[in-house]
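The structure appears right after this line, and notes come after that.
None of the figures in this text is laboratory data; all of them are computed from the coordinates on show. Because the structure is predicted, anything quoted here is derived from the model rather than measured. Ideal geometry is used to build each Cβ from the backbone, glycine not excepted, and the neighbour counts take in all protein chains shown.
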Protein chains: 2
Amino acid sequence: MQVSAYALDKIAEKLNLSIKDLNKAFKKKILREDEYKEQKYLLFKKGFRGIEKGTVIFLNENLDVVRGYPKTYRAITLYPTIKNHFIDKVVVEEKLNGYNIRIVKVDDEIYALTRSGYICPFTTKKVKKFLNLEILDDYNEYMLCGEMIGLNNPYTPYYYKEADKGYENLGFYIFDIKERETNKSLPVKERMKLCEKYNLPYVKPLAIVDKETAHIQVRKIIEKLNKEGREGVVLKDPDMAVSPIKYTTHYTQCEDLKSAFTFFFDLGIDFIFSRVVREGFMSYEFKESLEERKIRAKDLGEAILLPMVETINKVANGERVSEDFELIFDSEEDFEEFLYFMRKMKMIINIKNVEEINTNEGVKIKALIGKIYNRTNDKIISYLNGTLWE
Amino acid sequence: MQVSAYALDKIAEKLNLSIKDLNKAFKKKILREDEYKEQKYLLFKKGFRGIEKGTVIFLNENLDVVRGYPKTYRAITLYPTIKNHFIDKVVVEEKLNGYNIRIVKVDDEIYALTRSGYICPFTTKKVKKFLNLEILDDYNEYMLCGEMIGLNNPYTPYYYKEADKGYENLGFYIFDIKERETNKSLPVKERMKLCEKYNLPYVKPLAIVDKETAHIQVRKIIEKLNKEGREGVVLKDPDMAVSPIKYTTHYTQCEDLKSAFTFFFDLGIDFIFSRVVREGFMSYEFKESLEERKIRAKDLGEAILLPMVETINKVANGERVSEDFELIFDSEEDFEEFLYFMRKMKMIINIKNVEEINTNEGVKIKALIGKIYNRTNDKIISYLNGTLWE
């Protein structure tokens with residue numbers, strides 16, 4: 001890679017890094033070049049000297065920077081974690097189970113960046129269609145950070161009633177507006193005011209509570225969300241002066257395990273320990289009776305074992321298991337572009353069905369795509385054929 | 001380390017390694033020196049060029065070699081694994097849940113080596129007391145490989161009725177006799193004949209079956225052992241012409257999880273995935289109904305969650321959790337020697353109680369020792385105090 005082809009000194013200045021560090025990031029392949037429709041950009045594949053993973057530098061005149069969305073840490077216990085972490089008041093927002101997107105406007109073009117910093121053609125098109133993004137003309141220095149949710153997405157296909165759009169289940173909710181070059185967040189109220197003004201969908205607070213008693217109220221909210229089969233909460237300082245923290249429901253822990261154990265040799269090992277530990281601390285903190293704890297244990301055990309055996313059965317019957325998702329495209333061209341992007345992402349996919357559908361917005365293409373988990377398929381076959389476990 | 005102090009050429013010849021490789025093993029700290037009562041020996045900390053982990057070279061005139069006990073691979077499915085692996089007949093032996101020991105006689109001294117190749121003073125003394133080891137005078141080239149079981153041991157304290165010896169629950173059962181320099185096993189019948197002749201305790205076959213139908217018979221045996229709360233089976237070729245393989249009960253998978261999740265931040269992550277996968281394949285192969293599978297899932301979930309919450313509760317109440325074992329020593333000196341050995345093994349222990357007991361063999365020392373799992377204790381305290389999960 002021709003590092004010298006870049007205006008290294010200017011990029012370094014923009015990122016507040018030394019040229020030496022910048023070169024190091026290139027050499028270690030932490031910093032890599034990618035492009036989307038002729039627009040070249042550099043992308044941090046990992047966190048590096050204070051620069052977040054997923055940070056992007058557009059290789060334009062300006063060298064526009066879009067900082068990566070910071071990791072949201074998790075509370076393992078509500079008390080005293082919330083009390084220790086926050087200053088005074090705590091905004092409780094619902095955590096949606098989709099994928100994190102940053103929307104920016106650079107050189108008059110709208111881009112939707114995934115958490116890892118790729119410009120996703122599918123998402124870019126959907127947000128341009130769903131949203132009126134005038135806000136980015138008035139505030140070009142901002143990025144709109146939010147969750148893309150719904151069944152018809154290629155990353156976290158998960159049904160949300162509120163994301164129903166007739167022929168498509170997909171929706172975007174802003175949970176943060178940040179200065180894209182500094183990662184500084186607007187206070188919660190200002191973010192909501194701006195969203196209202198520009199008529200943009202956003203995540204609304206479930207409650208604003210005092211940090212001293214927050215653990216009691218958050219527990220009640222979590223219990224309600226759990227019954228409704230929702231993911232959990234993100235807790236925020238009203239002024240975004242300290243970083244947000246998250247906490248998820250028993251329902252989500254089990255759903256995570258179910259998906260992971262459907263493809264257990266690919267995902268199981270990374271998912272299982274953290275989920276069961278969250279459940280352990282929740283059961284402790286909620287002072288469960290032995291009976292309640294046994295119900296939780298049964299849920300956990302079933303979330304692990306049942307999908308695993310189902311997958312073994314399928315593979316034993318000759319099926320190759322895949323995670324299927326259905327996407328809607330405006331044109332054949334959009335579909336092709338997306339497939340090219342998936343291949344670039346090193347996803348192994350299998351197009352299971354493509355059909356034209358008539359919608360109130362004209363003819364669309366509906367594609368059923370299967371994401372293949374090779375390791376799970378191959379290892380199950382191998383053990384069913386008598387391979388020994390080493 | 002002064003590599004040149006050893007007769008490198010002779011050691012290399014004994015192990016069928018080049019001097020270059022031997023030096024490499026020293027440099028990489030795969031090969032290390034240890035000693036037991038003036039007897040210096042070299043020890044392979046890892047497998048290296050065909051030499052098993054736990055292999056020992058006594059630094060005496062002879063350079064006596066004791067090869068490490070080979071890893072026993074695991075069947076994940078009974079069919080077709082057994083049929084594929086074996087030649088004709090299959091000897092089914094019970095797998096005991098203790099620790100693997102090799103007993104050798106070198107320069108007129110008896111030594112008991114642990115799986116990793118340390119001469120364990122506790123075990124060495126016990127086997128010298130329990131067993132008449134004349135066999136090693138007549139067959140000095142053999143090592144007696146077996147399982148030390150029972151509640152009163154420092155590695156796998158697990159009660160076995162048959163190991164009851166009045167004031168102590170401890171017993172040794174030979175499951176393999178090997179040439180210690182070549183690792184060649186005696187045929188099963190010869191091993192049993194020799195054990196009978198020298199009046200040594202050994203693991204008796206539960207059945208000898210045909211490989212074509214073994215999966216049916218082994219399943220029945222496994223179901224019986226499961227009901228009795230026993231660990232599982234080791235399957236062997238009668239002539240030991242192919243390597244043994246093991247298969248364990250549902251009961252054992254759950255017991256493993258229970259122990260691991262009592263000290264979950266130390267042991268949980270390494271144990272959980274393999275255990276649940278074994279259960280998944282067993283449930284599949286045993287063609288369980290959904291109802292049966294849910295009972296298995298409940299057992300699994302409880303084996304994970306209940307000990308975890310119990311430990312969190314204890315730590316929350318100010319306790320430091322430890323794995324306790326009670327050992328019987330003949331003398332104060334033996335006790336001190338064992339403590340020195342534990343420290344050398346880098347075990348963090350806490351002596352909880354020491355008392356003299358009167359036995360039919362005179363006064364003994366009974367010590368209650370706690371093995372401390374620092375990570376579990378420290379991490380729980382930290383999360384209870386509000387540390388975020390990164």
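Points to keep in mind about this one:
- Remark: the Cα gyration tensor places chain A in the rounded category, a/c being less than 1.5.
- Listed residues A:Asn132, A:Ile295, A:Leu388: farthest to the positive end of the dipole of chain A (Cβ charges): A:Leu388
- Relative to the other identical copies, B:Thr387 shows label-point distances of 3.7 nm, where the label point lies 7 Å from Cα along the Cβ direction and values run shortest first.
- With the simple spin-label model, which puts each label point 7 Å out from Cα in the Cβ direction, the A:Arg320 to A:Lys71 separation comes to 3.4 nm.
- For chain A, a Gaussian network of Cα nodes joined below 10 Å ranks A:Arg102, A:Arg32, A:Arg343 by mean-square fluctuation, and the top entry is A:Arg343.
- For A:Asn60, the point set 7 Å out from Cα toward Cβ sits 8.1 nm from its twins in the other copies, listed from shortest up.
- Global form of the range B:220-301, assessed from the alpha-carbon gyration tensor, a/c cut-off 1.5: oblate
- Across peptide A:279-292, the mean count of Cβ atoms from other chains lying within 10 Å of each residue's own Cβ comes to 4.
- Computed FRET value (nearest 0.05) for B:Tyr340 with A:Ile295, which takes r as the C-beta separation and R₀ as 45 Å: 0.40
- Dipole in debye (nearest 20) - the protein assembly as shown, about Cα centre, beta carbon charges: Lys, Arg +1; Asp, Glu -1: 700
- 222 nm mean residue ellipticity, helices alone, for the protein assembly as shown (DSSP H n ≥ 4; -39,500 (n - 2.57); rounded to 500): -11000 deg cm²/dmol
- Peptide A:79-85 shows a mean partner chain C-beta count of 3 within 10 Å per residue C-beta.
- Protection-proxy order for peptides B:192-199, A:66-73, each taking the mean of Cβ atoms within 10 Å per residue, highest first: A:66-73, B:192-199
- Placing dummy labels 7 Å off each Cα toward the beta-carbon, the span from A:Asn60 to A:Ile381 is 4.7 nm.
- Of all chain B residues, the one whose C-beta is nearest the axis that brings B onto A, in angstrom: B:Gly301, 1
- With label points defined 7 Å past Cα in the direction of Cβ, position B:Ile87 shows copy-to-copy spacings of 7.8 nm, given to one decimal and shortest first.
- By the beta-carbon count within 10 Å of each Cβ, the least crowded to most crowded order of A:Glu61, B:Glu162, fewest first, is A:Glu61, B:Glu162.
- Top positive-direction residue, dipole computed over chain B with Cβ charges, set B:Leu267, B:Tyr41, B:Leu186: B:Leu267
- In this Cβ point-charge picture (+1 for Lys and Arg, -1 for Asp and Glu), the range A:77-179 has a dipole of about 460 debye about its Cα centre.
- Springs join every pair of Cα atoms under 10 Å in this Gaussian network model of chain A, and among A:Glu181, A:Glu337, A:Glu13 the largest mean-square fluctuation is at A:Glu13.
- Among A:Val309, A:Met345, A:Val321 the positive-end extreme of the charge dipole of the range A:285-390 (Cβ point charges): A:Val309
- Efficiency of FRET from Cβ geometry, A:Glu390 and A:Lys27, R₀ 30 Å, rounded to 0.05: 0.25
- Across peptide B:377-388, the average count of Cβ atoms from other chains found within 10 Å of a residue's Cβ is 5.
- Rough spin-label spacing in nm, given labels placed 7 Å along Cα→Cβ, for A:Lys128 and B:Asn132: 9.1
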